[in-house]
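Enquirer: Starting off with a structure, shown below.
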Amino acid sequence: MDILYIAVNILVFLLLAPLFEGVVRRITARVVQSRQGPPLLQPYYDILKLLGKQNLSAGNFAFRIAPLVSLASILGVIVFLPLGHRANVLTKYADIVTVIYLLTMGGVGVLLGALSSRNTFALIGSSREMITMIMVEPVLAMTFILGAVKIKSLGITASIFSVAGGGYGASVIVMMVAYLAALQAFVGRQPFDIAEAEVEILEGPFIEYSGPNFALFKYYLLLKQMFYAMLFVIVFIPAVKTGLYGVDVLIQLAFVLLVYVLIALLGSTHPRLRIDQAQKIYGVLIAASLVAVGLSVYGI
Amino acid sequence: MNIDLYNSLLTALAILLVSAVVVPLLSGKRKLAGWMNFILVSAAAVVLLNICATVLFGSGSVGESQLVRIGPVGIYFLIDGFSAFFIGIISFMGVVSAFYSIRYMEHYTDYRLWSYYLCFPLFLLGMIGIVTVDDLSTGFTLAWQTMTVASYFLIRFEYREKGNVRNANKYLILMELAWALVLCGVFFIDGASIGDPLHALAGKLGSAGGTGMLAVYGLTLAGFAFKAGVFPFGQLWLPDAHSIAPSPVSSLLSGVMIKTGVYGIIRTFFWMTPHGGETHLDGALWGLIIASFGAVTLFIGTVQSMKQSDAKRLLAYSSIGQVGYIILGAGAALYLLHGAGETAKLFAAVALVGAVYHVMNHAVFKGLLFLVSGSVLYATGTKDLNRLGGLLKFMPLTALAAGIASLSISGVPPFSGFASKWTIISSSLLAGSEVLFLAMFGIIALFTSAVTLSCYVKFFGMTFTSVGAEWSVKKDVKEVPASMIAPKLLLAILCIVQGVIPFFYFGLIIDMFARSPGSTAAAAIADLGGAGLSAGMMGVAVPGMGGIISAVAVPAVVLVILAAGLLFAGLLRRSGGSEEKVAPTWLCGYQDLNDRNRYTADNMFAAFKRAFRWTGGNVKK
């Protein structure tokens, strides 16, 4: 049965991540920009088409392995997630520090690809990506740590469920706001899509990628986006549950959809910031999360 | 049995001395001298590793310090588990570095090698001395001076380069200052006489007490902190000294020598403490001080490292940062042992084990990284990251070793840095529920891991990937000879092994503490062994702390999951049956890539560097 939970984790993410992206594109087009927009299933078509196209390469080993590293590590993170409030057989083998480092490794894949593609724009993108990683990772880490210090455990389920498990105190509210504010940076969308910045540095780290390699990176980005949306739901909305696994997963997916609506609306109404401006905002978010952790140590 | 141990130690030291006398005479024949040096150092290392194995795995009792008479002076030596551990690291890295030197030192055609082969074994001898002598006066002085003077001449090896002699002199002066600080500290102990072993000092300290205690511990801490490279002392000498020495020596300096400072700190604060008397070491205060130094050091050192464009300076600053992790672990352990509740003592043990494990891991990967930068210097003639780039194609094996070392030091699972940092960070985070400042230090350490990653993205990215060498390096870049690749691959394999089976090493370290009687952490560590952190496959479940899973099973599981993920990704990529074609870099179609429009190391992380200008260590354009 436990094995089944892992399969559900992977399938839910692999199958639905592109659909949610389709929703974002639909909302951006219809609600904000008053145009038809692409079909809901467009992200699936994109990936399928890319998989069949010619694979242009910079001709070195690092360039080829980079997309594999990214996709594998985000899948590794997803495996550990206690979807539907159930820990699976693997969850206990990792803790929050492992999850954080695995997420970092996904970023390492992107950076490796960018650096080995020899492209100037990609290098600019990688420099920005690295800064973003440094500055937003603490917000994620402190979301976990908030729960960890409450329950004195770094276990994934223990710390995740105890963040808001005891109700919404001041520390949880502060943390939740910081997480939501950092969400666009986590998922690389406006106003924090500085590393990719399509119209400025042409997708930055991914500029040299095409065909199947690019499909893997695209899939990585979609999965990462869904992971952060799902994490918000699991961490901050733990109370809404029925006890039935299937129903709980569906409820969580419904909430994820709401988070995506937020992502879409924020993303399509905010212009991109410069990296130095964004850095200041990240600084504030880090400070806010530190306050949250401090408050929770004192039980507030 | 103990007599044997100390006789072997003297034998090994004698072999090193012989090497220092004989090999310089042969230095006209560079290759022969290199091999002789390697053979004699290895012979000494075999004896030393044998001592290490006897102490760590043997059945005899250890822990009695032994008076050894060398001519007119009697010096107390002590070989217990803790010193054996350091002896092991020093002699192993010594052999690796000696082997690497054979070929590497050949390329200094302008310099004669006698001074190098005179000082190399003496340097090792001094370091072995530091970790085996059991006093802070006579023997300590002899060992410290041998180590310092030998390393001074190794550092100023390229004395014709501008600025090198100046930097080496600075190193010498500051190390003498550190020595003086430690010695002064001892003089503050009432009734201490020259040549007293540590436990006698601790006893006298116990009866003296009072304000003297502050001076004693403060001065010794400052002295050893100088050596370890702790902020702000480390910044004064470490980057300048480590970056100008020949690379095999840099790898010993950063990998091993600064650890003697760590050894001193841990030895002083966990062993040289008064037991039973009216006065006690104020462990909570000193733990707070040491942990604070650790947190500041790891943050500042790493941020400064990120700013560097000179490969070896980047590595040197990063050594400061990594020592910060070790010091943080030791300080947190000291605080938790004395200043918090009973459960906290278990975290203290975990933190201390993590700190010692990081000593070992850092020796391996930082040693490796310096060998890598040495190879790059050998092949291209430069260590300026702005001029390097694209070496992946020419030096694939060096690049592979560099990649593994970079991932290790950045703490990416399942490489070795992850296991030890994980232990330090998680114990301080967990203890943070009782002690807020430790939680904050844990968060700083976690934040700094990402900064460490950025250092090595720059180091690896700007050396091996990216572009640049084809324009700015005039000579033909070739992979370095096999005798310079083999040591790197060996260390790279260790980086992986130490990451995948940390439980073996945790068990070893716990055992090591069990064989080093007299420390204040002994009881806590013994509990830890009892609670199951030792070599079980399923890892710790510290009683009442359900949910902490130790690093025991984590790396293996993560490795399997990642392998499955990679397989899936690989299959997905091939599922469309598309063909691969190598294409030139695309810069919007109207411009080819050239030396003028490439992205150099100076530009990386510009916004971040501006925001952290205040941390110092900035590079002038």
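Enquirer: Would you check if there is a residue in region B:300-321 being open to solvent by less than 10 Å² (accessible area, probe 1.4 Å), over 16 Å from residue B:455 (Cα atoms) and under 22 Å from the mean Cα position of the chain (by Cα)?
Expert: no
Enquirer: Now for a separate question. Quick check on this structure: which one of A:262, A:221, A:250 is at pLDDT below 90, under 19 Å from residue A:78 (Cβ atoms), open to solvent by 40 Å² or more (accessible area, probe 1.4 Å) and of a type outside the set (Lys, Arg)? Write out each step before concluding.
Expert: Details: A:262 fails: under 19 Å from residue A:78 (Cβ atoms); A:221 fails: at pLDDT below 90.
Just one listed residue meets the conditions, A:250.
Enquirer: Now for a separate question. All but one of (1) open to solvent by less than 20 Å² (accessible area, probe 1.4 Å); (2) assigned to a helix (DSSP H, G or I); (3) of a type in the set (A, V, I, L, M, F, W, C) hold for residue B:493; state the number of the condition that does not hold.
Expert: Only one criterion in (1) open to solvent by less than 20 Å² (accessible area, probe 1.4 Å); (2) assigned to a helix (DSSP H, G or I); (3) of a type in the set (A, V, I, L, M, F, W, C) is unmet by residue B:493, namely (1).
Enquirer: Right, here's the next one. Quick one: how many residues across region A:83-130 are without any contact (Cβ under 8 Å) to a residue 24 or more places away in the chain and of a type in the set (Asp, Glu)? Please lay out each step first, then the result.
Expert: Within region A:83-130, the first condition is being without any contact (Cβ under 8 Å) to a residue 24 or more places away in the chain, and the residues that meet it are A:93, A:98, A:101, A:120, A:123, A:127, A:130.
Filter once more, so that each one left must be of a type in the set (Asp, Glu): none.
Count: 0.
Enquirer: May I pose another question? Quick one: in region B:427-445, of everything that is open to solvent by 10 Å² or more (accessible area, probe 1.4 Å) and within 23 Å of the chain's Cα centre (by Cα), which residue is farthest from the other protein chains (Cβ to nearest Cβ)?
Expert: The initial filter retains those residues of region B:427-445 that are open to solvent by 10 Å² or more (accessible area, probe 1.4 Å), namely B:433-437, B:440-441, B:443-444.
In the following step, the residues that additionally are within 23 Å of the chain's Cα centre (by Cα) were identified as B:441, B:443-444.
On the way: B:441: 12, B:443: 6, B:444: 9 Å.
Here the residue is B:441.
Enquirer: I've got another one for you. Please find, among B:111, B:117, the residue that is in contact (Cβ under 8 Å) with a residue 60 or more places away in the chain and either more than 26 Å from residue B:217 (Cα to Cα) or touching a helix residue (DSSP H, G or I) at 6+ places or on another chain (Cβ under 8 Å) (or both). Full working, then the answer.
Expert: Details: B:111 fails: in contact (Cβ under 8 Å) with a residue 60 or more places away in the chain.
Only one candidate passes the filter, namely B:117.
Enquirer: Sticking with this structure for a sec: Is there a residue in region A:191-202 that is free of Cβ contacts under 8 Å to residues at least 24 places away in the same chain, away from every other protein chain (no Cβ under 14 Å) and more than 18 Å from the chain's Cα centre (by Cα)?
Expert: Let us first name the residues in region A:191-202 that are free of Cβ contacts under 8 Å to residues at least 24 places away in the same chain, namely A:198-199.
Cutting the leftovers down to away from every other protein chain (no Cβ under 14 Å) gives us none.
Within region A:191-202, not a single residue is free of Cβ contacts under 8 Å to residues at least 24 places away in the same chain, away from every other protein chain (no Cβ under 14 Å) and more than 18 Å from the chain's Cα centre (by Cα).
Enquirer: Give region A:42-87 a look and list any residue that's surrounded by fewer than 19 Cβ atoms within 10 Å (Cβ to Cβ), of a type in the set (Phe, Trp, Tyr) and at the interface with another protein chain (Cβ under 10 Å from one of its Cβ atoms), or say none.
Expert: Across region A:42-87, the qualifying residue is only A:61.
Enquirer: Look through region B:446-466, keep the residues that are among the polar types (S, T, N, Q) and out of contact with any Ser or Thr (no Cβ under 6 Å at 6 or more places or on another chain), and return whichever of them is farthest from the other protein chains (Cβ to nearest Cβ). Outline the logic, then answer.
Expert: At the first step, the residues of region B:446-466 found to be among the polar types (S, T, N, Q) are B:448-449, B:452, B:454, B:463, B:465-466.
Those left that are additionally out of contact with any Ser or Thr (no Cβ under 6 Å at 6 or more places or on another chain): B:449, B:454, B:463, B:466.
Working: B:449: 8, B:454: 5, B:463: 10, B:466: 5 Å.
Out of the qualifying residues, it is B:463.
Enquirer: Taking only pairs six or more apart or across chains, which ones have beta-carbon atoms under 8 Å, a first residue in region B:380-405 that is more than 20 Å from residue B:313 (Cα to Cα), and a second residue that is part of a loop (DSSP other than H, G, I, E, B) and of a type in the set (S, T, N, Q)?
Expert: The qualifying pairs are B:390/B:465; B:390/B:466; B:392/A:60; B:392/B:465; B:393/A:60.
Enquirer: Evaluate the following for residue B:478: is it away from every other protein chain (no Cβ under 12 Å) and modelled with pLDDT under 90? Break it down into steps so the answer makes sense when it comes.
Expert: Values: away from every other protein chain (no Cβ under 12 Å): yes; modelled with pLDDT under 90: yes.
Criteria met by residue B:478.
Enquirer: Also, quick follow-up: Confirm whether residue A:104 is in a helix (DSSP H, G or I), facing chain B (nearest Cβ under 7 Å) and out of contact with any Gly (no Cβ under 7 Å at 6 or more places or on another chain). Spell out the reasoning first.
Expert: On the way: in a helix (DSSP H, G or I): yes; facing chain B (nearest Cβ under 7 Å): yes; out of contact with any Gly (no Cβ under 7 Å at 6 or more places or on another chain): yes.
So residue A:104 passes the test.
Enquirer: Checking the structure you have, find out if any residue of region B:563-572 is closer than 24 Å to residue B:408 by Cα and within 29 Å of the chain's Cα centre (by Cα).
Expert: Looking for residues that are closer than 24 Å to residue B:408 by Cα and within 29 Å of the chain's Cα centre (by Cα), one finds none in region B:563-572, hence no.
Enquirer: While we're looking at this one, here's another question. Of the residues A:40, A:112, only one is closer than 26 Å to residue B:586 by Cβ and modelled with pLDDT of 85 or more; which? Can you show your working first?
Expert: Details: A:40 fails: closer than 26 Å to residue B:586 by Cβ.
Exactly one residue qualifies, and that residue is A:112.
Enquirer: Go through (1) away from chain B (no Cβ under 11 Å); (2) surrounded by fewer than 22 Cβ atoms within 10 Å (Cβ to Cβ); (3) of a type in the set (Gly, Ala, Ser) and name the single condition residue A:182 misses.
Expert: Status for residue A:182: all satisfied but (2).
Enquirer: List every residue pair whose Cβ atoms sit under 6 Å apart, with the two residues 6 or more apart in sequence or on different chains, where the first one lies in region B:486-498 and is touching a residue at least 24 places away in the same chain (Cβ under 8 Å) and the second, anywhere, is not in a helix (DSSP H, G or I).
Expert: B:495/B:415
Enquirer: While we're on this one: I need the full set of residues from region A:111-141 which are facing chain B (nearest Cβ under 7 Å), among the charged types (D, E, K, R) and either closer than 30 Å to residue A:153 by Cβ or touching a helix residue (DSSP H, G or I) at 6+ places or on another chain (Cβ under 8 Å) (or both), in order please.
Expert: The answer is A:137, and nothing else.
Enquirer: Out of region B:173-223, which residues are under 25 Å from the mean Cα position of the chain (by Cα), open to solvent by 10 Å² or more (accessible area, probe 1.4 Å) and touching a residue at least 24 places away in the same chain (Cβ under 8 Å)?
Expert: Our first condition is that a residue be under 25 Å from the mean Cα position of the chain (by Cα); within region B:173-223, this holds for B:173-183, B:198, B:217-223.
Narrowing the set further to residues that are open to solvent by 10 Å² or more (accessible area, probe 1.4 Å) leaves B:173-174, B:176-177, B:179-181, B:183, B:198, B:218-219, B:221-222.
Of everything in region B:173-223, those that are under 25 Å from the mean Cα position of the chain (by Cα), open to solvent by 10 Å² or more (accessible area, probe 1.4 Å) and touching a residue at least 24 places away in the same chain (Cβ under 8 Å) turn out to be B:174, B:176, B:177, B:179, B:180, B:181, B:183, B:198, B:218, B:219, B:221, B:222.
Enquirer: For region B:313-321, does any single residue satisfy the condition of being aliphatic (A, V, I, L, M), within 22 Å of residue B:426 (Cβ to Cβ) and touching a residue at least 12 places away in the same chain (Cβ under 8 Å)?
Expert: Initial filter on region B:313-321 (aliphatic (A, V, I, L, M)): B:314-316, B:320.
Narrowing further to those that are within 22 Å of residue B:426 (Cβ to Cβ): none.
No, every residue in region B:313-321 fails to be aliphatic (A, V, I, L, M), within 22 Å of residue B:426 (Cβ to Cβ) and touching a residue at least 12 places away in the same chain (Cβ under 8 Å).
Enquirer: Looking at (1) open to solvent by less than 10 Å² (accessible area, probe 1.4 Å); (2) within 10 Å of another protein chain (Cβ to nearest Cβ); (3) touching a Gly at 6+ places or on another chain (Cβ under 9 Å), which one does residue B:469 not meet, given that it meets all the others?
Expert: Of everything listed in (1) open to solvent by less than 10 Å² (accessible area, probe 1.4 Å); (2) within 10 Å of another protein chain (Cβ to nearest Cβ); (3) touching a Gly at 6+ places or on another chain (Cβ under 9 Å), residue B:469 misses just condition (2).
Enquirer: Shifting gears a bit: Give all pairs with beta carbons closer than 7 Å in which a residue from region A:267-286 that is within 12 Å of chain B (Cβ to nearest Cβ) meets a residue that is part of a loop (DSSP other than H, G, I, E, B); count only pairs at least 6 apart in sequence or on separate chains.
Expert: Here the result reads A:273/A:191; A:273/A:192; A:273/A:194; A:275/A:194; A:278/A:192; A:278/A:194, each pair linking region A:267-286 to a residue that is part of a loop (DSSP other than H, G, I, E, B).
To keep it simple, each residue is scored yes or no on (1) in contact with a Phe, Trp or Tyr (Cβ under 9 Å, 6 or more places away or on another chain); (2) more than 10 Å from every other protein chain (Cβ to nearest Cβ); (3) surrounded by fewer than 18 Cβ atoms within 10 Å (Cβ to Cβ); (4) at pLDDT below 75.
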| site | (1), (2), (3), (4) |
| --- | --- |
| B:534 | yes, yes, no, yes |
| B:544 | no, no, yes, yes |
| B:548 | no, no, no, yes |
| B:553 | yes, no, no, yes |
| B:585 | no, no, no, no |
| B:620 | no, yes, yes, no |
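Enquirer: Something else: Does residue A:9 count as surrounded by 19 or more Cβ atoms within 10 Å (Cβ to Cβ), over 20 Å from the mean Cα position of the chain (by Cα) and among the polar types (S, T, N, Q)? Give the derivation first.
Expert: Numbers: surrounded by 19 or more Cβ atoms within 10 Å (Cβ to Cβ): yes; over 20 Å from the mean Cα position of the chain (by Cα): no; among the polar types (S, T, N, Q): yes.
When the stated conditions are applied, residue A:9 does not pass them.
Enquirer: How many residues are touching a Gly at 6+ places or on another chain (Cβ under 9 Å), more than 7 Å from every other protein chain (Cβ to nearest Cβ) and either outside any helix (DSSP H, G or I) or among the charged types (D, E, K, R) (or both) when one looks only at region B:556-576?
Expert: Final tally of qualifying residues: 0.
The values are calculated or read from the model by the stated rules, or taken from the named source; none is laboratory data. For clarity, every value in this text was computed on a predicted model and none was experimentally measured. A quick note on method: Cβ atoms are made from the backbone with ideal geometry, for glycine too, and the neighbour counts reach across all protein chains shown. Ligands, DNA and RNA are excluded from the accessible area calculation, which covers all protein heavy atoms including side chains. Shrake-Rupley method; radii C 1.70, N 1.55, O 1.52, S 1.80 Å.
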